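Chemist: Here it is, the structure, as C-alpha cells.
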Amino acid sequence: MTIAQDGPATTGRGLEIENLVVGYGKAIVLHGLSLRVAPGEIVGVAGPNGAGKSTLLKVISGLLPRTADRMTFDGVPLKRDPVAVVGRGVVHVPEGRRMFANLTVEENLKVGAIGGRVRDYRAARERVLALLPTIVPMLGRKAGLLSGGQQQQVAVARGLIANPSLLMVDELSLGLSPSAVASISASTVATCRELGTGLLWVDQNITILAKHCDRLVLLRDGVAEPVDMSDRDALGSVYF
Amino acid sequence: MRIAFNRSAKLAGAGAAVALALALGACSGGSPGAGGETSGGAVAEVGVTADTIRLAASQTLSGPGAASCAPSTDAAQLYFDKVNDEGGVDGRKIDFEVLDDGYDPQRALANVRGFIDSKFAMVGACGSATAAAIYRTLSDAGMPFLFPTNGVAEVVKPASPGILQLLPLYEDQTASMVRYGFEEFGSGSIFVVVNPLGEYESAISRAREVAESGGGSFVDSAVAQLGTTDYTPIALQIKEADPDFVVMSMGGSDSAKFVNALVDQNALPRSAVLGTSASVAGSFLSSYNTAASDKVYFGSAIQLPPSAENECTQLLAGGDFANDPIALIGCASAQAIVEAIRQTPELTRANLLATIESWDEEDISPGIFAPVSFSATDHIGLKTLYVVQPQGTEFGVIAECPYSEDENADASCTPAG
Amino acid sequence: MGLYISAAISGIAVGLLYGMIGFAIVMLYKSTGVANFAQGTLATLGAFVAWALVTDAGLPLLAAIPIALIASGMFGVIVYFVVIRPRASAGNLNITVRTLGLSLLLLAVMEWRWGALAPYRYPTIVQGDGIQIASVVLPAQTLLIAGVAAVIMVLLWALFRYTRAGLSFRALAEQPDTARLLGLRATRLSAATWGLSAILGTIVGVLLAPSAFLAPSMMESYLLFTFTGIVLGGLTSLPGALLGSVIVGIVSNVAIVAFSLEAGVLVVFAILLIVMAVRPQGLLGKQEAVRL
Amino acid sequence: MIIGDAKNRTLVPSLVIAGGVTVAGLALPLDTSLEYTLTAAIVWAIAAIGLDVLVGFTGQVSFGQAAFVAIGAYATSALRIHLGLPTPIAVILGVGATGAIALLLGSVVVRYRIFGIATATLFFGYLVVTALMGDVLRPVFGGANGLAVPEFELVGSHGKPYLILVCAVLIVVVYLTCSLMDSQTGRALRLVKSNEAVAAAVGIRVSRMKMLSFVYCCILAAIAGVLYSGIVGYLGPEGFGIKQSVNIFAMLVVGGAGTVGGPILGALLVTILPGYLLRDGHISAIVFAAVLLLFLILLPEGIYGLGQRVGQWLVRVFPPLGRLSRRRARAAARSVRHDPDAATGTVGGASRAVDERPEAEAGIPALEIDGLEVKFGDFIALSDVDVRIRAGSVHAIIGPNGAGKTTLLNAVSGLYVPSRGDIRVFGASTRGVAPHRIRQRGVVRTFQTPAIVPDLDVLDNVKLGLDADEKGSFWADLLGRVATRRRERALEAEAQWALDAVGIDESRRSLLAKNLDLSEQKRVEIARGLVGHARLLLLDEPTAGLSVKQMESLGATLKDVHARFGLTIMVISHHIGFILDIADEMTVLDYGRVIGNGEPAEVLARPLIAATFMGVEAEAADAPGATVGTEGA
C-alpha cells in the first residue's frame, strides 16, 4: 500500500489546547482542560457518560462557544466555525454514526469530500477504499440500511475522505458488538497510521482505547488527567 | 397621490392619547393631558361652515376589490377639486375625506361613526356589504348617504330616510337583462352565475322568474366568491348543461375570468352572456378575451361611451381611468351631489334630502346618466338601463331598456340610435 | 362522466401549480425547518417583476422572464440574509411567523405600487386553442403548465441527484448538524435554497397570471390548498408535495362541478382533517420518532 | 423553542396594564373615532390574551383566532335576533357553542405538530368566512350582507358605558388568565410546551392539556366576539378573515408572548397605529408588516419583555428600586411559606412511610418485567427482557451505550408500547395503560438531560410532580389565590420538603430553573419525583455529567430518601462506584438483552460482564448478540 501524494503533512505542531472552559448556560462542563495531540499521534480520551467527551470534540469542531487560553492547530488558532475547522484538516466523526440514511454510501462519501473541499474526489476515494476495502461492496446501498458496524465503518471513511490531518472520532464502540468494535477499531487505527493522520478518539470503552492508542487521558470533573496505560487496575478504576 | 387627508390635528391628539395610555400601562402613573379634537364654531349644520362643506366616504381602497372600487371616489375627488378651483359651491369649498374599509363592513361602520359628528354627508362608494352595514346608522343620524353602489334591497326598499341611490338593484338588472335577451334571441334556457354582491339569491330568483314567465327555463345556478381564481369548473358545468343564455352578476375582473374560462372551454352559450352593471368596469375591459365580445351583453347604469360634452368625460380623459365606467359613475355622482347642494337654499341635511327627493326627470349629468327621478318613497333614481357590449377597449351602447321596479312592466327595449 | 373527467384534468393543471409552490415550501422546510408562508407572495412578486419589465421597460416577454427569474433568485437570497438569518436562534415558530410578516409586507408593497389598477391582463407565452380530447379541451396554457412542471421536476431531480449542491442540500436536509460538522457551508446552501424557491415561485406566478390575472392577492387562495397538499403528501417529501397537491386539485375541482365552489373548499378541508387524524405522516412522509 | 420563554407571576404587571388602559380610556377626552378604536383594541386584546395561553404558555399555534371571534359573535347575535333570547343566555349559549366547536377541531389538530396546526387553523379560518358568506347559513347569518346586531341593554353600543363594560371584562379576563397560568394547570401547560414526553411521564394528559388550552383560547375569542358584535353593531364575514387572525397573532408577537399583559399592549399598538393614526390603507399595511417583522427579528420578547428589561436596568441604575421590589417579593414569599402541617394535611408528604407499603411485606415486587420486546420498525431495541425489582430495593441497570437501558425505562413509564411481553407495577399490568395513569400508580422517572421547565422557578418545577393533571382543579385554578391558597400552601410545603430532602439550598429555590447548574437541576428533577406519592423512582443516568463530589452527595441523598420513605429505585448509571454504593441488585443489559442479574459486586466480578461493560478484552465470541451491531439509524 502506498501513501497518496497529497497525504497530510506530518510536520507542524498538531492540536494544542490550554485552559479550555465550556458550559451550557450555567452548567460548566469543562473547567480549564488542556490537551495536545501531536501530528500523527493517536490519543484516546476516556470518561463516563456526561463527562464532557462529546462536548470537547464539538468545541474543537467549532460547534460550541468556548473560552480558552490557547486552541490552535499547527500553531494557528481554530475558529468557531465548522467550515473553517474542516478546512484546516480537523474532521469530526460524530457520535452515533449520523449517516445520511437516505443517501447511498457513495453519496455519503461524496458529502464528506465536498465538505472537506477535496479537489480530486476520485483519488481521495481510491485512497480511502484501498485502506478500507470492506466498504466497497456497500457503495451502492442506502446508508440507512446498513448494520451499525457497517455504518460506523462508513462514518470513519466519510471522515477520512476529507483528507484530514487530525481525525476526531466520538464513541466508535457505541452500540456495536465486541467483534465489530475490535475489527473497526483495528482498521480505523491502521488506516490513520498508514495515512499519517492524527487520531483523537473519545470512547467510554477504556480497554479498547488502551489497546490501540499511543496515549490515554481521562476526562473527569471537566479536566483531562493522564492515565498510566500499563496499570490495569488504574484503567478499571475509571468508573469507580 | 389620490386622496388628500386632513388629519394632522387628530394625529397629534391621538398621539398624545396613545402615548399616555401606554405610559399609564407601563408604570401606572402619569397625569391626564389634553387630547381629542375640539369642534368648530356654531354652524347650523354638522360639517358645514361658512367656507367649507365636509363630505366623506368609506371606500374599498385595499384588498381584492380595491381596483374596481377606488376609481369612483378618485374621480369624485377630481370633480370636487375642479369645483373648488372654480370657486366652490356658493363660496364654500368641498372638503372630501376618503377612508379605507377594505370591503370590511365593520371597518366601514367604524369609519362612519367617526364621520357622523363631523361631516355633512356621505358620498356613496363601492360595496353592497358595506352599504348594508352602515345605512341604518346613517339613516338614524339623519346623515345623507348619496348614491352608493349597492345591490342590497333592504337599504333602499322600502326607502330609508337619507339613503338615496342612482343604480338599479342587481336583481332588477338581471330581470331586465333576461327580458332583453329573450326579446333579442327568443326565449331559452338560462344558467345563472353570481358573485355574492348584494342579494345574490334574489338576483338568481328574479332572473329565474322572468325566464320562466317568458317561456324559457332555468337550468342551474352557481355562486362564486369574489376573487375566485379559477372559473374552469363552472365553465365545465355550463358546457355540460348547455344553456341558451348565461346570466351573470359579477365583479369586473371576475366577469373577465369567467368569460375567458367559457371561451377556453368552448362553453359559450348558444345565444348570449347577459350581465349586470357590476361587470361594466375597466377591469373587465383590460382582461377579457375578445373572442367573446359579440356574445356579451351587459346592463349599464351609464351611457357608454359617454358624451364628450360632459364635464366628467373631459375631466377623466387621458387620466388613469379614462374609459373606466366606475370612474365615470363616481364623477357623475359627484356632479349630482354638487348640483343638489347648489339647488338647496339653506344647507341642512334635511333640506338637501328634500331637494333630491323632489327631482323628477332631472338631468344631473347629461350624456352619462339618463335623467333621474326620486320621491319620498322611491329612493332609486335611474329609470333607464343601457345595454352595452365590449368593443375593443371600450363599451358601446346598443340598446336602452326602460327599467322599472314594477315586476310586470312590459315596455320593450329600443336599439340605440 | 365527461364533465368529471374534464374537471379532473383541469384539476391536475391547477394541482401542478399548487405542487410547484408546495415543492418550494417543502424544500425550505426540509433544509431549514421553516414553513414559508411567503411563498405565494414571492410568486406574485416575481410575476409582477416580469410584467413590469414587459409593460414599463418594453422588453419582449421571453426576455423579461429570464431577467425576472434571476432577479427573484437574488431577492430570495436577500430575504434569507435580511429576514431569516438574523437571530435565527429565535426558533422555528418565530421564523415561520417572520415569513408570514414578510408575506404581509410584500403584499402591502405590491398593493401600494400596483394595486390601484389590478388585476392586469397578463401576456401568455403560448397562443392557440390547445387540443381537444373527446369532449375535454386542454387549453394551450394548461399544456404549458404541465410541460413546465415536468421539465422543472426533471431538472430538480437531476439537480438533487447529480450535482454537488444537490447532494449537499440532501445531506443538510437530512442531518443538518452532521452536514455542518463535515464542513458543508450551511449558510450558503440555505441562501441558495431561498433563491431557488423564489425562482420556482416566479415560474408559477408567470404561469398562473394569464388565467388568474395579475393582482397582488393572486396567490392567496392557492396557499391553503398548497399547504393541504403538503400535509397530504407528508410534509417532508418532495414528490409527496407534488402528489398531494395534484390530488387536492383533482378532488376540489370534481367537488366543485359536482356540488358547488364552497363544497370544493369544504372537501379539501375534510381531506386535511382526515389525513391529520388518520395518517399524520401523510402519504409519502415518514413517521417522526419521538426523542426524549 | 417557541417565541421566547413565558414569564412568571404576571398578575400584578398585567393588571396594572389593564387598569392603566381603563383609566386612560375613561379619563381622557377621546373623540368618537378614537374611543371606538380604543374599545375595539381592548376587545381584540381579549382574543389575543386567549391566543397567548395557547402560544406563549402551551407552545401551540393558531392562525384562526379571528374565526372563533366570528363564531362567538355570530352565534350570540343570531340567538338574540332570531330566537329573541335574553342577552345573558344568548352569550352563554354562544360562547358555549364556540367552545364546543373548538373542542371538536382541537381533538384533531392538537395531535399534530406546528406545521399541521398552523395549516388546519388557517384553513378553518378561511372556511368559517366562506361558510358565513355562503348560501346555507345565509338565512341565519345574513351571508355576505351581514347581520345587524341590536344594541346591548344598559351599555348601548358605544361611548363610555360600553368602554367600562369592555374594560371590566378585560380586567376579569386578565385576572383569571394570570391566576390560571400561575397555578398547577398553568405549570402543566408550560411543561407540555417545554417537552411533551416529559409531561406525559410526569402524569400529565398531554392531549387533554393542549385541548384545554385550545378551548380556553377559543372561549376568550368568543367573549371578544360578543363584545365586538355590540360595538360594531353589524357583523360581516370579511372582517374575520385570515388577515384578522394574523393581526391577532401580531398583537401577541408585538406585545410579548407568554405574558398575559403583553397582548394588551400589542393590541393597542396594532389596532390604533394602522386603524387610527395611519389612515391610508397602503401605508398602514406596510407599516404594520414592517413593525411585525422588526419585533420578530429584533425584539421577540415584545413590548412587555422590553419593559421588563428597562425595569431591570432601572433597578441597576437606582438600587433603592431594587430593594423595594425585593422586599415585596419576600413579603409575597412569606405569605405562602412555612406551614409545617400543611404537607401532611392534604397532599401526602411525610405520610409515605415504609410501613404504609403493604406490598413490601406481602412480597409483591415493585416491578416485574416478563419477556419484554420493544421494536422500532424492524429494529429490535429490547428482546426477551426479564427484570424483577423487589419493593423497597435499589436496583441498578447498567450496560454499554445503546444497550437499551433508556428504552427499558421508557417502556416501564409507558412512553413506548412493547410489542411483546408484560410489565407489572406493584402487581398490576401496565399493558395499554397511558403514561399519566402509570404515573398515578406511583411510577416516577427522571431524564438523562434534566427535563425541567426552564421558565418556572425551582419550587414551581417541583410542584409539577403533584397532581399536575387538571383533575377538576381547573375551575379553582381560574379563581387564583382565593380558591387555591390552601392547596398552594400544601403544594408549597410538600415541594419545600422534597427540596430539603434532595438538599437544594433555600436561597436557590426562587431562581428560575434554567439558572441552576446541572447537578442542581438533576436534584430538582428527583425532588419532583419524590413529591406526589412516588413509589417507584426510575432514574435515567442521574450521575451523567456530575463531578465525583456531586455524585457522592447525590448518592447520599438517594440513600437517605430511600431509607426514609422506603421508595423503590431503579437507576441507570455508568458509574460502577456509584452503583456499588447504593444498589442492592443489578441488571446488565447488552444488545437489548439481559446478560446478567444479581448482587452488584458479584455480577461485576463475572468475566463476561466485565468484558461487555468495561470493554475489558475478553474472548467474548459467545456473548449474546455477537452479530455485527444491528442498531438502525
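The values are calculated or read from the model by the stated rules, or taken from the named source; none is laboratory data. Every value quoted in this text rests on a predicted model; they were computed, and no experiment measured them. Because the Cβ atoms are built from the backbone with ideal geometry, glycine has one as well, and the counts that use them run over all protein chains shown. Note: accessible area is taken over every heavy atom of the protein model, side chains too, but ligands, DNA and RNA are not part of it. Shrake-Rupley method; radii C 1.70, N 1.55, O 1.52, S 1.80 Å.
Chemist: Return yes when C:Ala192 is within 30 Å of A:Ile161 (Cβ to Cβ), open to solvent by 10 Å² or more (accessible area, probe 1.4 Å) and assigned to a helix (DSSP H, G or I) and no when it is not.
Modeler: Yes: the conditions hold for C:Ala192.
Chemist: Based on this model, can you work out whether C:Val248 counts as within 14 Å of chain B (Cβ to nearest Cβ), closer than 24 Å to D:Ser107 by Cβ, at pLDDT 90 or above and crowded, with 24+ Cβ neighbours inside 10 Å?
Modeler: Criteria met by C:Val248.
Chemist: Please find, within region D:414-466, the residue that is surrounded by the fewest Cβ atoms within 10 Å (Cβ to Cβ) out of those that are among the aromatic types (Phe, Trp, Tyr) and over 30 Å from D:Ile504 (Cα atoms).
Modeler: By that ranking, first place goes to D:Phe426.
Chemist: If A:Gly198 satisfies every condition in (1) over 25 Å from A:Ala84 (Cα atoms); (2) in contact with an Asp or Glu (Cβ under 6 Å, 6 or more places away or on another chain); (3) away from every other protein chain (no Cβ under 12 Å) but one, which is the exception?
Modeler: For A:Gly198, the failing item is (1).
Chemist: Across region A:77-92, what is the total count of residues that are without any contact (Cβ under 8 Å) to a residue 24 or more places away in the chain, more than 9 Å from every other protein chain (Cβ to nearest Cβ) and outside any loop (DSSP other than H, G, I, E, B)?
Modeler: Total meeting the criteria: 1.
Chemist: While we're on this one: Does C:Leu16 satisfy the condition of being within 14 Å of chain D (Cβ to nearest Cβ), open to solvent by 10 Å² or more (accessible area, probe 1.4 Å) and outside any loop (DSSP other than H, G, I, E, B)?
Modeler: Here the answer is no, as C:Leu16 does not meet what is asked.
Chemist: Turning to a different aspect of this structure: Among residues belonging to region D:358-403 that are part of a loop (DSSP other than H, G, I, E, B) and open to solvent by less than 10 Å² (accessible area, probe 1.4 Å), point out the one that is nearest to D:Glu585 (Cα to Cα).
Modeler: Looking at the filtered set, the residue picked out is D:Ser393.
Chemist: Could you tell me which residue of region B:219-250 is nearest to the other protein chains (Cβ to nearest Cβ), considering only residues that are hydroxyl-bearing (Ser, Thr, Tyr) and in a loop (DSSP other than H, G, I, E, B)?
Modeler: Residue satisfying both the conditions and the ranking: B:Thr229.
Chemist: Are any residues in region C:87-134 among the polar types (S, T, N, Q), under 22 Å from C:Val49 (Cβ atoms) and modelled with pLDDT under 85, and if so, which ones?
Modeler: Listed by number, the list holds a single entry, C:Thr124.
Chemist: From the residues in region D:11-58 that are more than 7 Å from chain B (Cβ to nearest Cβ) and charged (D, E, K, R), which one is least open to solvent (accessible area, probe 1.4 Å)?
Modeler: Step by step, filter region D:11-58, then rank; the result is D:Asp52.
Chemist: Failed condition for B:Phe258, given (1) touching a strand residue (DSSP E or B) at 6+ places or on another chain (Cβ under 7 Å); (2) open to solvent by 10 Å² or more (accessible area, probe 1.4 Å), with all others met?
Modeler: The number of the failed condition is (2).
Chemist: Looking at region A:156-183, which of its residues are part of a helix (DSSP H, G or I) and at pLDDT 90 or above?
Modeler: Scanning region A:156-183 gives A:Val156, A:Ala157, A:Arg158, A:Gly159, A:Leu160.
Chemist: Cβ-Cβ below 6 Å, separation at least six or inter-chain, first residue in region D:246-264 and more than 13 Å from chain C (Cβ to nearest Cβ) and open to solvent by less than 10 Å² (accessible area, probe 1.4 Å), second of a type outside the set (D, E, K, R) and in a loop (DSSP other than H, G, I, E, B): which pairs?
Modeler: Qualifying pairs under 6 Å: D:Thr259/D:Thr10; D:Val260/D:Thr10; D:Gly261/D:Thr10; D:Gly262/D:Gly256.
Chemist: OK, next. Please count how many residues of region C:223-236 are within 15 Å of C:Met20 (Cβ to Cβ) and open to solvent by 10 Å² or more (accessible area, probe 1.4 Å).
Modeler: Total satisfying the criteria: 2.
Chemist: Residues in region A:151-170: is at least one at the interface with chain D (Cβ under 9 Å from one of its Cβ atoms), of a type outside the set (Gly, Ala, Ser) and either touching a strand residue (DSSP E or B) at 6+ places or on another chain (Cβ under 7 Å) or surrounded by fewer than 24 Cβ atoms within 10 Å (Cβ to Cβ) (or both)?
Modeler: no
Chemist: Please verify whether region C:3-11 includes one or more residues that are closer than 20 Å to C:Leu106 by Cβ and out of contact with any Cys (no Cβ under 9 Å at 6 or more places or on another chain).
Modeler: No, because not a single residue in region C:3-11 is closer than 20 Å to C:Leu106 by Cβ and out of contact with any Cys (no Cβ under 9 Å at 6 or more places or on another chain).
Chemist: Next question. Could you say which residue among D:Val192, D:Val136, D:Val169, D:Val215 is open to solvent by 10 Å² or more (accessible area, probe 1.4 Å), closer than 19 Å to D:Val110 by Cα and of a type in the set (Val, Ile, Thr)?
Modeler: D:Val215
Chemist: Another one. Considering only residues that are within 13 Å of chain B (Cβ to nearest Cβ), open to solvent by 10 Å² or more (accessible area, probe 1.4 Å) and of a type outside the set (S, T, N, Q), which ones fall in region D:139-153?
Modeler: D:Pro139, D:Phe141, D:Gly142, D:Gly146, D:Leu147, D:Ala148, D:Val149, D:Pro150, D:Glu151
Chemist: Checking the condition among the β-branched types (Val, Ile, Thr) and over 30 Å from A:Ala51 (Cβ atoms), which residue from A:Val128, A:Val156, A:Val169 passes?
Modeler: Just one listed residue meets the conditions, A:Val128.
Chemist: Related question: Report, by residue number, each residue of region B:45-74 that is within 17 Å of B:Pro144 (Cα to Cα) and within 13 Å of the chain's Cα centre (by Cα).
Modeler: Listed by number, the residues that qualify are B:Ala57, B:Ser58, B:Gln59, B:Thr73.
Chemist: In region B:282-314, how many residues are within 11 Å of another protein chain (Cβ to nearest Cβ) and not in a helix (DSSP H, G or I)?
Modeler: Number of matching residues: 4.
Chemist: Continuing with the same structure: Look through region D:112-122, keep the residues that are without any contact (Cβ under 8 Å) to a residue 12 or more places away in the chain and either within 26 Å of B:Glu201 (Cα to Cα) or open to solvent by 10 Å² or more (accessible area, probe 1.4 Å) (or both), and return whichever of them is farthest from the other protein chains (Cβ to nearest Cβ).
Modeler: D:Arg113
Chemist: Turning to a different aspect of this structure: Exactly one condition in (1) within 12 Å of chain C (Cβ to nearest Cβ); (2) modelled with pLDDT of 90 or more; (3) surrounded by 16 or more Cβ atoms within 10 Å (Cβ to Cβ) is not met by A:Lys142; state its number.
Modeler: All conditions pass for A:Lys142, except number (2).
Chemist: Checking D:Lys210 against (1) surrounded by 17 or more Cβ atoms within 10 Å (Cβ to Cβ); (2) among the basic types (Lys, Arg); (3) at pLDDT below 90, which test does it fail?
Modeler: (3)
Chemist: Just the residues that are assigned to a strand (DSSP E or B), at pLDDT below 90 and either open to solvent by 70 Å² or more (accessible area, probe 1.4 Å) or within 13 Å of chain D (Cβ to nearest Cβ) (or both), please, taken from region A:4-41.
Modeler: A:Val22, A:Gly23, A:Tyr24, A:Ala27, A:Ile28, A:Val29, A:Leu30, A:His31
Chemist: Just to be sure I understand the filter: pairs with C-beta atoms under 6 Å, separated by 6 or more residues or on different chains, first member in region B:309-331 and farther than 23 Å from B:Met122 by Cβ and of a type in the set (Gly, Ala, Ser), second member open to solvent by less than 20 Å² (accessible area, probe 1.4 Å) and assigned to a helix (DSSP H, G or I). Which pairs pass?
Modeler: Listed by first residue and then by second, the contacts come to B:Ala322/B:Leu316.
Chemist: If you take the residues in region C:105-136 that are among the aliphatic types (A, V, I, L, M), touching a residue at least 60 places away in the same chain (Cβ under 8 Å) and part of a helix (DSSP H, G or I), which one is least open to solvent (accessible area, probe 1.4 Å)?
Modeler: Residue satisfying both the conditions and the ranking: C:Met110.
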